[in-house]
Amino acid sequence: MPPKKRRANCYRATPLARCREVSMKHALILMLVLSSCAYAGEPETPVNPEVFVPGNWKKIGPIGTQDARVLLWEYRDSITELVVAREYRRENKLETLKLYNEKGLNGIQREWYANGRLKSEKAYENNVMHGTFRQYDSLGALVGIYRMANGNGIRSIYDSKGMLEEESGYKNNHGDGWQFKRGAFDSFSIWFYEKDRIIGPAFRFSKNFGIESLTFFDRDGKPNGPAIDFTNIYGTKTKYYVKGMEVSEVQYQNARKTDPTLPDIESIRKDYNATIPEHVKEMLKILKDLKPVEIPLQNSDDPPVLTSVFTK
């Protein structure tokens, strides 16, 4: 008796059907991913910036800017013609709304992400930072909330995972004091500001707290001394600057003969860690033990993480 013939497996017999099923599965997965991204990234309703502009005004624009992708609209007082607001759109998406009075920035300054969600709110009074500042991530979670009083305070921003991303001091409406900022690959930079100018040595550290770069600045905020990069694949790379101008090592050594304030590269090479000030060492100790905070943040009453160092 001859064996029974097996029914042909349709997927083996029809490759086109198999391809269709795979394609449908991929399409379904793609639709789910895109829908979840849209839900997470898109605001519930489009923002109308006009609701934030007080008074009676007329809107003029669009006006071109230096960036061809950005257009500007001006809001002018209906009687005085003074600019009371400026609205910026990048590729037709609302990016920034600035409010003004006759003295400069005045009121809540707002920024938005490309997905339409609010990015930041910054409080100004007569062109001076004053009030509560808020920073949001691209999904709408509050990652920064801090207060400024007459241009004085400390800005603290976290990332979406609750890790400190930036902390910087301000005095009289200018960056002033030690500054901390996290960069790519969890490296971070620490430097000292005086009226928005970097003064002295500026450091970049790896996530393992090893020095990645070291650059010296004079009191005018210009590079003045060696700029050392420890991450170059061919070994440590050093550039030399005198009052903001790059020079050769020979020229630098000659300049040191007439200006003893220029750092001695040989002493630095013997012990790079000796260039780290005590305040920076204290900050590194704090950062090593730093734990993530809960996001979204709840209030602005918590003290800045590095406040004990900033206030010294």
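Computed values, structure above
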quantity: Amide H within-cut-off set for E125, under 5 Å, with H built and near neighbours excluded; calculated: G107, H130
quantity: The stretch 116-220 - convex hull of the alpha-carbon atoms, volume per residue in Å³; calculated: 110 Å³
quantity: Karplus (6.51, -1.76, 1.60) ³J(HN,Hα), θ = phi - 60°, over the stretch 153-158, in Hz, Gly and Pro reported as x; calculated: x, 10, 8, 10, 10, 10
quantity: Per residue Cα convex hull volume in Å³ - calculated over the stretch 44-122; calculated: 96 Å³
quantity: Karplus-derived 3J(HN,Hα), 6.51/-1.76/1.60, for each residue of the stretch 161-167, Hz, glycine and proline x; calculated: 8, x, 8, 4, 9, 7, 8
quantity: Sequence-distant residues sharing a close amide H with V247 (under 5 Å, placed H); calculated: Y240, Y241, V242
quantity: Reference-scaled alpha-carbon Rg (2.2 N^0.38 Å with N residues) for the stretch 103-310; calculated: 1.15
quantity: Spacing of the two label points (7 Å from each Cα toward its C-beta) at S267 and Q298, in nm; calculated: 5.0 nm
quantity: Potential extension, K281-K93 segment - 0.36 nm per residue separation minus Cα distance; calculated: 63.3 nm
quantity: Peptides 73-83, 227-237, 147-157 ordered by average Cβ neighbours within 10 Å, highest first; calculated: 147-157, 73-83, 227-237
quantity: The stretch 179-263: C-alpha gyration tensor shape, a/c 1.5 cut-off, then a/b vs b/c; calculated: oblate
quantity: Subset of K122/K288; K195/K291; K98/K181; K171/K281; K181/K291; K207/K243 violating a 20 Å alpha-carbon distance limit; calculated: K122/K288; K195/K291; K98/K181; K171/K281; K207/K243
quantity: Per-residue ³J(HN,Hα) for the stretch 126-132, Karplus 6.51 cos²θ - 1.76 cosθ + 1.60, θ = phi - 60°, Hz, x for Gly and Pro; calculated: 6, 6, 10, 4, 7, x, 8
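Any read-out appearing in this document is the output of simple, stated calculations on the displayed coordinates, not a laboratory observation. Note that the structure is predicted; figures quoted are calculated from it, not measured. A quick note on method: Cβ atoms are made from the backbone with ideal geometry, for glycine too, and the neighbour counts reach across all protein chains shown.
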